[in-house]
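Accompanying notes for the structure given below.
The values are calculated or read from the model by the stated rules, or taken from the named source; none is laboratory data. Bear in mind the structure is a predicted one, so any value in this text is a computation, not a measurement. Ideal geometry is used to build each Cβ from the backbone, glycine not excepted, and the neighbour counts take in all protein chains shown. Accessible surface areas use protein heavy atoms only, side chains included; no ligands, DNA or RNA. Shrake-Rupley method; radii C 1.70, N 1.55, O 1.52, S 1.80 Å.
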Amino acid sequence: MKYKLNILIVITLFAITISSCIQNNMNKSMLKQNIIHEPVIPVNLKEGKNIIHFSDFITDSIEIDSIELLPKLKYNFNTKDRSMEFTATEDMPALSEMKIWIGGEPYSILLRKSRKISKEIVFDPEGKTYSKVQLAGSLNDWNPANTNMEWKDGKWYIKLKLNPGKYHYQIVADGNWMLDPANPVKEDNNLGGLNSVLQVGDVNNKQLPILESLKDFGDDLVIKARLCNKKKVFALWQNYHLPIEAYSQNGDEITIIIPEEAKKFKRSWIRIWAYNEHGIGNDLLIPLENGKVVSEMTDINRFDKEASILYFMMLDRFYNGNKDNDFKVKDPDLSPKANYFGGDIDGVKQKLDSGYFTELGINTIWLSPITQNTWGAFVEYPEPHRKFSAYHGYWPISLNTVDKRFGTDESLQALVDDAHSKGINIILDFVSNHVHQESQLYKDHPDWATDINLPDGTKNIRLWDSHRLTTWFDTFLPTWDFEKPGPLNYVSDSALYWIKKFDIDGYRHDATKHIPQKYWRTLTKKLKQQVVIPNDKRLLQIGESFGSRELIGSYVSSGMLDGQFDFNLYFDARSVFALDNESFVKLSNSIHESLSYYGYHHLMGNITGNHDMARFISYAGEALSFDEEAQAAGWNRDIEVKNPVGYKKLSSLIAFIMTIPGIPVIYYGDEYGMPGAGDPDNRRQIKFDELSPDESNTKQITETLTKIRRNNIALNFGSFHNILVSKNTYVYYREYLGQFVVVIFNKGSNNEDIKFDLPTRLKSETLQSVFKHEYNINNDKVEINLPANSFEILLTK
């Protein structure tokens, strides 16, 4: 049996060069101990000073021999916390390598240079006088104090360093927020208003390298690379930069020998990157099984988190499987929609046994928080001061007991065991940021919380951006101060408890951005040392943060979280699919911006919606307007599906998230189109029976889409490439080892004749349509007629 990769490099402009600085000897004994357990995510560098925490990659018991960086980079190593500080330089390449030498062997970590470029913003007050002008937006996490403009020659100026992409912002003049009068580009702010929009650089840079895998010949793999000048290729197996002896070149064909050690691993990975003077192109991820290239989804199992499809349920609103634990708060001021409905853990297990999740096609169930919550109802701080119970699970009084209204330790263990027997994972929603004031832990340690009163006397409540790491979510929800060892250790140990006791498969982490990175590093380090490494168990940790891609991405690393929900992409997808006047160009730019931040094989969550936002179908079905306050609408009127076109638009959104890189996430009820305005109207009781014809059809389409995702390896590990983008038409394809998926959307209100050229490699392939729209291929051009608000998926046979 041969163990090698054949890499076919197709040169469009220049000849390929392979780095000669690769380690020249790969010792076969280097894997007697897998010192760095999983492939390390490339480190995103900041401009100027950077700190790298080696506990992100290796345990404290491992001694580091030395560290090797680019020759010009000087570093200081802190032996106390095993961190390294160095200053990134302007002349660094877009992608470079840091080698960590341990036991005489090198482990390679890739470093991505900052992509930030200078951008000047000018505000003309047009004769008005202001003492202070600031900017607030996604460019500074909506904190105007971070960005003061300078008065000069009758105008206000500021120069910023920003990554390429789109930024929402407003001018803040003497405390008054306003749109930029000089900028005609505006977009919905997802809160019923508008923001000015700043576009920086080009997120669709066509001069970047392009990598594609071509075909699997048994144990061989052929990859196509379209590269520009000064290109460089990095090929890593696990965290080893493959040595120069592993490469051989014959014309345009490069053969890479997979090390013999790969045979010893049930699952390992080949990862490939390329860069040139314009930046980093797409990356490739090739799973191996016992040293052999994985080419079919039949070799993928529930431990391959890259192939996850999540289903998020509000547990209380899902299914009542045990009426003995039903409980409602008895309070005349509490609306029934803000009280308990009776859903529980037994109900999830019953639906699991009925085949609901298997038929739906998901492989990971995400439960809303199940820890013991307060028993009463409380009035929220902001107007109009509505009263809520803790049915949602986000007001814990204990971090290590199952809420009696949801079940017991035994019922949770039974659910986990049952799910695992069916190839389905269970992840828990865990609240680390805060507890309820009735928590005995808080009563015993009130000094473990941040201060609710700011120095100027104002309340530090819901100051999401200006006091991001200390703000309280409400007057009765103290926020932990994780700079103190007490809460740092207690809360992280509590999270560890659930995985060690019940063998759950990971976490959705609430309020990620409001918690210091120190906490996430502490928790992930404990999980690695006590679960991941000793049990050889892969866990999924996915976070929730609203904010810029830079802020969201700052929590995604090998030492913290695997991914977060990509709300920025969702907001753009929501407006493009729901609103007729929005263009697919906006969505294409958005997905490429996400790929440039998180990589092409990221584990970011692509959502249909969530429990904090109005349902997509309520917008798409025209029962809810983007310019109204969604939560108030849910209290003031019935929100249903006014226009049935909303079902078609919802199916298009689901088709999108099922066919792009990342982890698809279905919010319960979206599989058939359950409507709802803001919280709590978006948390209705799910229906399992008596679906309308539109709902039944939507659910059937969702099931078809999940099964396509589950059964097609190109949709899980393939590259992503655009073919055609216009206002109403979007065509792209995924490709892995000669397996292709072509996705075609028409968001227009009329039938559309769509014509596009097949990529060169697809011209000899036979395609079949999933949804049976007729198409023709003439002279390598596809012609297909799609109805209004529809899509088609073409698969290679």
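Here the extension length gained between Thr129 and Thr298 equals 54.1 nm, from 0.36 nm per residue of separation less the Cα-Cα distance. In terms of overall dimensions, the stretch 468-612 has a Cα radius of gyration and Dmax of 17.1, 54 angstrom. Using 1/(1 + (r/R0)^6) with R0 = 51 angstrom and r between the beta carbons of Asn643 and Asp81, what's the FRET efficiency to the nearest 0.05? The formula returns an efficiency of 0.35 here. Once the Cα-Cα distance is subtracted from the 0.36 nm per residue extended length, the Met178 to Asn722 segment shows a gain of 192.2 nm.
Between Thr796 and Asn189, what is the FRET efficiency for a Förster distance of 51 Å, r being their Cβ-Cβ separation, to the nearest 0.05? Don't jump to the answer; show the numbers that get you there.
On the way: r = 42 Å, r/R0 = 0.82.
After rounding to 0.05, the efficiency reads 0.75.
State to the nearest 20 debye the size of the charge dipole of the chain about its Cα centre, where the only charges are +1 on K and R beta carbons and -1 on D and E beta carbons.
Working: 91 positive and 104 negative charges, 318 e Å.
So the dipole magnitude of the chain works out to roughly 1520 debye.
With Cα atoms as the point set, the radius of gyration and Dmax of the stretch 603-742 evaluate to 16.2, 54 Å.
Label-to-label distance for Ala632 and Ile158 is 2.9 nm, based on points extended 7 Å past Cα in the beta-carbon direction. A viscosity of 1.567 mPa s and a temperature of 4 °C, combined with the Kirkwood radius over C-alpha pairs in the Stokes-Einstein formula, give the chain a diffusion coefficient of 47 µm²/s.
Applying 1/(1 + (r/R0)^6) with r as the Cβ-Cβ distance of Glu359 and Asn785 and R0 = 30 angstrom yields a FRET efficiency of 0.45.
Give me the tail of P(r) for the stretch 274-362 as a percent: Cα-Cα pairs with distance above 18 Å.
67 percent
The lysines whose alpha-carbon is closer than 17 Å to the alpha-carbon of Lys747, local same-chain residues fewer than 8 away aside, are Lys586, Lys648, Lys649, Lys727, Lys755. Using a ≥ b ≥ c from the Cα gyration tensor of the stretch 363-403 (square roots of the eigenvalues), is it rounded, prolate or oblate, where a/c under 1.5 gives rounded and otherwise the larger of a/b and b/c decides, a/b for prolate? Judged from the Cα gyration tensor, the stretch 363-403 comes out oblate (a/c at least 1.5, b/c at or above a/b). Note on the stretch 733-797: the alpha carbon radius of gyration divided by the globular reference 2.2 N^0.38 Å gives 1.08.
What ranking, highest mean first, results for peptides 114-126, 302-314 when packing means the other Cβ atoms within 10 Å averaged over each residue?
On the way: 114-126: 14.7, 302-314: 21.2.
Final packing ranking: 302-314, 114-126.
Which part of the stretch 170-193 falls in the paramagnetic zone of Asn148, meaning amide N under 17 Å from the point 7 Å along Cα-to-beta-carbon? Taking a point 7 Å out along Cα→Cβ of Asn148, the residues of the stretch 170-193 whose backbone N falls under 17 Å are 172-176. Of the Cα atoms belonging to the stretch 581-624, the radius of gyration and Dmax stand at 13.4, 37 Å.
For the stretch 547-629, count all C-alpha to C-alpha pairs, find those more than 18 Å apart, and express that count as a whole percent of the total.
Cα-Cα pairs of the stretch 547-629 separated by over 18 Å account for 46 percent.
Normalising the Debye intensity of the stretch 615-694 to I(0), with uniform scatterers on Cα atoms only, and taking log10 at q = 0.20 Å⁻¹ returns -0.90.
Relative to the present Cα-Cα distance, how much length would full extension add between Gln700 and His385 at 0.36 nm per residue of separation?
Numbers: separation 315, 0.36 × 315 = 113.40 nm, distance 4.07 nm.
Value of the extension gain: 109.3 nm.
Any idea what % of Cα-Cα pairs in the stretch 81-199 are farther than 16 Å?
69 percent
Taken over the stretch 170-214, the convex hull of the Cα atoms encloses 150 Å³ per residue. For Lys72, a cut-off of 16 angstrom between C-alpha atoms picks up these aspartates and glutamates, skipping any fewer than 8 places away in its own chain: Glu47, Glu85, Glu90, Asp91, Glu97.
If Rh is defined by the Kirkwood formula over all Cα pairs and Rg also comes from Cα, what ratio Rg/Rh do you get for the stretch 662-766? The partial results should precede the final answer.
Working: Rg = 17.3 Å, Rh = 16.5 Å.
My calculation puts Rg/Rh at 1.05.
Applying D = kT/(6 pi eta Rh) to the stretch 396-525, where Rh is the Kirkwood radius over alpha-carbon pairs, T corresponds to 20 °C and eta to 1.002 mPa s, the Stokes-Einstein value obtained is 135 µm²/s. Taking a point 7 Å from the Cα of Arg761 along the Cα-to-Cβ direction, the residues of the stretch 278-322 with backbone N closer than 16 Å to it are 281-287, 294-296. Accessible surface area normalised per residue over the chain is 39 Å², counting heavy atoms of protein chains with a 1.4 Å rolling probe.
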